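Read-outs throughout are calculated quantities, based only on the coordinates presented, and are distinct from any laboratory measurement. The structure displayed is predicted, hence computed values, not measured ones. Cβ placement follows ideal geometry from the backbone for every residue including glycine, while neighbour counts extend to all protein chains displayed.
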Amino acid sequence: MRLEWTGLSQGRFGKVEIVKDPESAARSAAGRFYYGAFLQARDAANIKDTSGGVHDSVIRAYAAKNSTLSNRLNELRKLRNAADYHINTPFPGIHARRCQTLAKKILAALP
C-alpha cells in the first residue's frame, strides 16, 4: 500500500512528515465537502440522531421532499466513501471537484 496519498510519509529516523500530494488533498477535500454539506442537511432536517445510521436517515428524509437533493447527498457520500475506504483505487482531483460542486448545490438547496 502506498502511504503517500494519506498525506503522511515516514521520514528519516521514523519521523512522520507531511507530503504534498494531489491525491491526499483530493481525498481530504472529499471528506470536508461531504461533512460540510451533510451536517448542514442534517441540521436543516432537524435530525438529532448521531449514530452511524444518521447518514442514511438524512438521505431518506430528503428523498420524499427533494429527490434531487437526496440524490446529490447520496452521490457525495459515495464519493467520500471512495476517498476514505477504497485506498487502492486512485482518487483524482476531478472527483474532489465533483464533491465541491455537489456540496455547493446541496447547500444552496437547503431550506
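The simple spin-label model puts a point 7 Å past each Cα toward its Cβ; for Arg98 and Asn46 those points are separated by 3.5 nm. Per-residue Karplus couplings for the stretch 56-68, computed as 6.51 cos²θ - 1.76 cosθ + 1.60 with θ equal to phi - 60°, are listed in order as 5, 4, 5, 4, 5, 4, 8, 4, 6, 7, 8, 5, 5 Hz, Gly and Pro entered as x.
Rounded to whole Å, the principal axis extents of the Cα atoms in the stretch 22-109 read 36, 26, 16, largest first.
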